[in-house]
Amino acid sequence: MNKGSLWSEWFGGKNARSSASIDRCRILFTLNTVGAGRGSTMLWETRPPAIHAQGPEPWTSEQETAATHLQRNLKEIDAMCKTGQIAARVQILVCEPIPGKWTDWMDSMLVSCGGKPAPIDAARATDNPYKDGIKVEERPSPVQVVVVASAATADTCHDLKSGFMEKRMQDLILAPPFLSGGDMKTRNPAVKTTHPDLVSSDDHDLYVALKWSSLVTIRSISGFLQASADIGAAALSPRNQKQLQPERGADGVTVSVSSAPSSPFLIPSFVRVSYVSEENSKVAKWRMHGDFFHPAAWEICKDSFDMTWIPDSLSGAGGVNGLCYSKRGDTAISRKLEEGEDCGQWWVYMAEEQMPTTPEVYANEITSPLVQGGSNFIWMLTERQRQEIVKQKICLYDNANNKSQKKCDASPQAVMPLGDLESFLINFTPNTALGKKHVTGRRPGYSREKEREQERERVRERKQLKGQEDIEKALFDYTIYPAALFRKDGTVKAARARDIVLTKSRDAQAIGPQTVKSSYYDVTITKPREATSAWCQAIARKGLCALYSDYFRTSTDGRCSEACGMKKNWSKIQLDHAD
């Protein structure tokens, strides 16, 4: 943030003596507010909460108004600015102009980001950059409200099935040069051609696009940046620039990422989860979740993803810093490589598009997510990723207009790190998504729809659920995919893929793994799991594998490497021999 810029005015203060004091990550939050309301009334037609109110607030049901969800998001963003490491600006996308009192309220929620402080706090402030001659009312606000529709398109904008707002959100963040129409003056993806008054036209380090019902947190942003650095480290690896060795690629799960145009373009992506509170323990048993209250996804299922091992996909401190090919020979990773161990981590690779319920599933069909397998309702891009996507969009635009035969780069593909999976599960705050049926033919696992119907028919023929149609509906008609099951399925899929490769002569009669296993999930009643693996699972689920990545990736302590998704060959099965 250079001195004299808007960023410097907000966050530098009068005492900023060096650029280091205002060295922050610049993040743009673009918020899609279509569908936000209070009951059947549009949110902007209701009264906002009191600004800087003192004392307890009246209790409001989270189902009553979207203002509670908007407030929660703004509080999270304000907390990010309060860390001193993030400079945030918020772009609110609406279909029609909204009353100024709502803008003032949103501004007051972002005091740490440059919003209007409460009168009592303003009087106490010592480093207020506006006290010397600049009136607070004339200051630039961290909130910008953008009306994305005209009078002719307002009805389309309000239609949740139209995909109108999702497309506007993509256009504002990407800002490709062909948006303005006519001849492109530049093909430089770094140059944005959107109107300079839009805050999205400024330079940012990270772009976050979300719907008002999705909750963004500093954990999700931290996890995304770490995962992006990990993929960047893999792409810069000297080993990955060469052809993948046949013995490494023969397992069907190892994918080499490089800087070559033919390499997969991977972007960390997100899945929304809603909290399930089963109505009784019987229903919880039917669904076999074992938990009474848990976050669960409804847009994916077990068949929506595959597992892949990406070599050298570990980055250390200081930006994109590949640990697996570090020149230093005294690190724990260097010693592991000398002993023949693989360096990298497991990734969830989305094989299907996410399938929300109506009306969002129709919006996805008209405006598909930028990333294949990603979400239209919460996604992030770094500036580098934005430029790469714009390059591909320019190529597709040229091909469509000029009928040229130039081959464009592949579309970006959604991935999530197995070791930090929960950081990529985004809370759907209204918690009303579960228990809704998907549109026929538009449900998760659509690539195995026929097999699923055959399974259901077999259950009917065996009369396993005779007279219990409600159980059958709970198992087959509703997609409820708990976060804990997501982690388990991903781990078991990865472990089985390696077991198939490492087992030289398979016993056709044997059930389960034969050579390697997951030390946490592959347990028996007679030999239950040890405590350490459960502790490591708790560490991974809380996001500590990424938060304390320096320790888990570079130390000699490898007890949690499996839970953190960094052990390619899992745990060897120790056979018990009778005396």
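The values are calculated or read from the model by the stated rules, or taken from the named source; none is laboratory data. It should be emphasised that the depicted structure is a prediction, and the values quoted were computed from it without experimental measurement. Glycine also receives a Cβ, built like all others from the backbone with ideal geometry; neighbour counts cover every protein chain displayed. When the accessible area is computed, the model is the full protein with side chains, heavy atoms only, and any ligands, DNA or RNA have been set aside. Shrake-Rupley method; radii C 1.70, N 1.55, O 1.52, S 1.80 Å.
Number of residues in the range 538-557 that are part of a loop (DSSP other than H, G, I, E, B), in contact (Cβ under 8 Å) with a residue 12 or more places away in the chain and over 21 Å from PHE424 (Cβ atoms) equals 2. Considering the range 361-385, and only residues there that are part of a helix (DSSP H, G or I) and either in contact with a helix residue (DSSP H, G or I) (Cβ under 9 Å, 6 or more places away or on another chain) or β-branched (Val, Ile, Thr) (or both), the residue that is farthest from HIS438 (Cα to Cα) turns out to be ARG384. Scanning the range 305-315 turns up no residue that is open to solvent by 10 Å² or more (accessible area, probe 1.4 Å) and either more than 30 Å from PHE428 (Cα to Cα) or at pLDDT below 95 (or both). Could you check the range 140-170 and list, in sequence order, the residues that are among the charged types (D, E, K, R) and open to solvent by less than 30 Å² (accessible area, probe 1.4 Å)? Result: GLU166, single match.
Any residue in the range 386-397 that is within 30 Å of LYS437 (Cα to Cα), at pLDDT 95 or above and out of contact with any His (no Cβ under 8 Å at 6 or more places or on another chain)? So far as the range 386-397 goes, no, none of its residues is within 30 Å of LYS437 (Cα to Cα), at pLDDT 95 or above and out of contact with any His (no Cβ under 8 Å at 6 or more places or on another chain). One residue alone among THR41, THR60, THR46, THR83 is among the hydroxyl-bearing types (Ser, Thr, Tyr) and either surrounded by 21 or more Cβ atoms within 10 Å (Cβ to Cβ) or within 23 Å of the chain's Cα centre (by Cα) (or both), and that residue is THR83.
Inspection of the range 196-206 identifies no residue that is under 27 Å from the mean Cα position of the chain (by Cα), open to solvent by less than 30 Å² (accessible area, probe 1.4 Å), among the acidic types (Asp, Glu) and closer than 25 Å to PRO97 by Cβ.
Which residues, taken from the range 368-396, are of a type in the set (Ser, Thr, Tyr) and surrounded by 18 or more Cβ atoms within 10 Å (Cβ to Cβ)? Selection gives SER375, THR382. Kindly check whether there is at least one residue in the range 113-123 that is modelled with pLDDT under 95, open to solvent by less than 40 Å² (accessible area, probe 1.4 Å), under 26 Å from the mean Cα position of the chain (by Cα) and within 19 Å of THR367 (Cα to Cα). No - not one qualifying residue is present in the range 113-123. When only residues in the range 400-427 that are in a loop (DSSP other than H, G, I, E, B) and of a type outside the set (Gly, Ala, Ser) count, which is modelled with the lowest pLDDT? Selected residue: GLN405.
Please indicate, with yes or no, whether at least one residue in the range 422-441 is under 30 Å from TRP570 (Cβ atoms), open to solvent by less than 10 Å² (accessible area, probe 1.4 Å) and of a type in the set (Phe, Trp, Tyr). Yes: the range 422-441 contains one or more residues that are under 30 Å from TRP570 (Cβ atoms), open to solvent by less than 10 Å² (accessible area, probe 1.4 Å) and of a type in the set (Phe, Trp, Tyr).
Give the residues of the range 497-520 that are part of a loop (DSSP other than H, G, I, E, B) and surrounded by 13 or more Cβ atoms within 10 Å (Cβ to Cβ), sorted by residue number.
THR503, PRO513, GLN514, THR515, SER518, SER519, TYR520, listed by residue number.
What about ALA546, is it under 24 Å from ARG335 (Cα atoms), open to solvent by less than 50 Å² (accessible area, probe 1.4 Å) and small (Gly, Ala, Ser)? Outline the logic, then answer.
Numbers: under 24 Å from ARG335 (Cα atoms): yes; open to solvent by less than 50 Å² (accessible area, probe 1.4 Å): yes; small (Gly, Ala, Ser): yes.
Yes: the conditions hold for ALA546.
It is to be established whether one or more residues within the range 521-534 are within 30 Å of SER326 (Cβ to Cβ) and buried (at least 18 other Cβ atoms within 10 Å of the Cβ). Yes; the residues of the range 521-534 include at least one that is within 30 Å of SER326 (Cβ to Cβ) and buried (at least 18 other Cβ atoms within 10 Å of the Cβ). Residues that are closer than 19 Å to LEU370 by Cα, surrounded by fewer than 18 Cβ atoms within 10 Å (Cβ to Cβ) and in contact (Cβ under 8 Å) with a residue 24 or more places away in the chain within the range 179-195 comprise just one, ALA190. For SER256, the requirement of being in a loop (DSSP other than H, G, I, E, B), polar (S, T, N, Q), crowded, with 22+ Cβ neighbours inside 10 Å and modelled with pLDDT under 95 is met. Residues in the range 549-579 that are among the aliphatic types (A, V, I, L, M) and modelled with pLDDT of 90 or more: ALA563, MET566.
VAL191 fulfils the conditions (1) under 23 Å from the mean Cα position of the chain (by Cα); (2) under 29 Å from SER315 (Cα atoms) except for a single criterion, (1).
If I ask for residues that are out of contact with any helix residue (DSSP H, G or I) (no Cβ under 6 Å at 6 or more places or on another chain), of a type in the set (Asp, Glu) and closer than 30 Å to ASP23 by Cβ, which ones from the range 53-88 would you list? The one that is out of contact with any helix residue (DSSP H, G or I) (no Cβ under 6 Å at 6 or more places or on another chain), of a type in the set (Asp, Glu) and closer than 30 Å to ASP23 by Cβ: GLU76. Given the condition under 28 Å from ARG496 (Cα atoms), at pLDDT below 95 and open to solvent by 40 Å² or more (accessible area, probe 1.4 Å), answer yes or no: does some residue in the range 342-350 qualify? Yes: the range 342-350 contains one or more residues that are under 28 Å from ARG496 (Cα atoms), at pLDDT below 95 and open to solvent by 40 Å² or more (accessible area, probe 1.4 Å).
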